[in-house]
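Heads up: the structure comes next, in structure tokens.
Please treat every number below as a calculation from the coordinates, not as lab data. Please read all numbers here as calculations on a predicted model, not as lab measurements. Note that we place each Cβ from the backbone using ideal geometry, even for glycine, and neighbour counts take in every protein chain shown.
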Amino acid sequence: MMKEECLICGAPLEYLETDEMMECAVCRKKEPSKTRCVSGHYVCDACHTAGMDSLIGLCLEAASKDPIEIINSMMAQPFCHMHGPEHHIMVGAALLTAYKNAGGEIDLQQALVEMMSRGRSVPGGACGFWGACGAGISAGMFVSIISKSTPLSAEPFGLSNLMTSKALERIGAIGGPRCCKRDSFLSILAAVDFVRENFGIDMARREITCGYAAQNNQCIGKRCPFSKPNHESLL
């Protein structure tokens, strides 16, 4: 049994067809959900992302223009698990930080607070149940923040929706099952290209080799563009 399944007992997760009332094993809050482990444990999104407030300080201290470097530092923090809704915030936060460091004109602290608020509204499991991965949505939120998009805006509205669609296209082209690390990397790379083309800001871009396969029970192996065998075959 690998490290990343149920946060309480390590048992595999199961996804239900319809919502059932669950009690969080940590805070005892009751709410409807489709997710639990096979032993019956449920952890709410708030408890799953406990400690994420430290993300803002981490981003404000970062000097890198590389959003992959920044999100990797987030993924190394205790609040980040192999999978989970924390990625719905981290993608946008890493992009906001790199964008600012690359010359983008934003109030980074204010933008990060807004990203936290918006990202937390996307629940775990959105990738499968909504048909829209939270990592891809997070990239769209990033563009909506830097462009000051609202439901009544013209060009910013189009740009933020187009960004989400480009991220989701890359995620959908690979297929499932879900991997929050893979989908985060795909979304960030799509955003780096999109921002260069539409905003004239050059964030750094790097080749990515995944180091999380051993923690992912559903790793797709060579089908993942970031798998080590894929990179070794190019040497």
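For the chain, the longest principal axis of the C-alpha atoms and the axis of helix 180-199 are separated by about 20°. Among 141-149, 39-47, sorting by the average number of other beta carbon atoms lying within 10 angstrom of each residue, highest first, gives 141-149, 39-47.
Summing Lys and Arg as +1 and Asp and Glu as -1 over all other residues whose Cβ lies under 11 Å from the Cβ of Val38 gives a net charge of -1. Ordering His81, Ser187, Ile220 by the projection of their Cα atoms onto the charge dipole of the chain, which places +1 on the Cβ of Lys and Arg and -1 on the Cβ of Asp and Glu, puts Ile220 at the extreme positive end. Springs between Cα atoms under 10 Å define the GNM used for the chain, and in it the highest mean-square fluctuation of Ala190, Ala135, Ala213 occurs at Ala213. For the pair Thr209 and Glu114, what calculated FRET efficiency results from E = 1/(1 + (r/R0)^6), where r is the Cβ-Cβ distance and R0 = 35 Å, to the nearest 0.05? Taking R0 as 35 Å, the efficiency between Glu114 and Thr209 is 0.65. Taking the Cα centre of segment 11-70 as origin and assigning +1 to Lys and Arg Cβ atoms and -1 to Asp and Glu Cβ atoms, the resulting dipole is close to 180 debye. Counting Lys and Arg as +1 and Asp and Glu as -1 over every other residue whose Cβ lies under 15 Å from the Cβ of Gly175, the net charge comes to +3. Taking amide H positions as modeled 1.01 Å from N, with prolines and chain starts lacking one, the residues under 5 Å from Met22 and 5 or more places away or on another chain are Glu31, Ser33.
Spin-label model, Glu31 to Glu61: label points 7 Å out along the Cα-to-beta-carbon direction sit 2.9 nm apart. Helix 108-119 axis versus longest C-alpha principal axis of the chain: approximately 40°, rounded to the nearest ten.
For the residues Glu23, Glu155, Glu169, a GNM of the chain with alpha-carbon springs under 10 Å puts the largest fluctuation on Glu155.
Let a ≥ b ≥ c be the square roots of the eigenvalues of the Cα gyration tensor of segment 76-173; is it rounded (a/c under 1.5), or, if not, prolate (a/b larger than b/c) or oblate? Since a/c reaches 1.5 but b/c is at least a/b, the shape of segment 76-173 is classed as oblate. When the Gaussian network model of the chain links Cα atoms closer than 10 Å, the mean-square fluctuations of Lys34, Lys100, Lys181 top out at Lys34.
The length gained on full extension between Leu152 and Asp202, counted as 0.36 nm times the residue separation minus their Cα-Cα distance, comes to 15.2 nm. Charge dipole (Cα centre; +1 on Lys/Arg Cβ, -1 on Asp/Glu Cβ; no other charges) of the chain amounts to roughly 320 debye.
Mean residue ellipticity at 222 nm, helices only, the chain: -14500 deg cm²/dmol; runs of at least 4 DSSP H residues each add -39,500 (n - 2.57), and the sum is divided by the number of residues.
Once the other residues with Cβ under 13 Å from the Cβ of Asn198 are scored (Lys, Arg +1; Asp, Glu -1), what is the net sum? With Lys, Arg at +1 and Asp, Glu at -1, the neighbours total -2. Where in segment 8-32 does the label zone of Cys47 land, with the point 7 angstrom along Cα→C-beta and an amide N cut-off under 13 Å? Answer for this model: 8-10, 22-31. Against the chain, whose longest principal axis comes from its Cα atoms, helix 134-146 is set at around 30 degrees.
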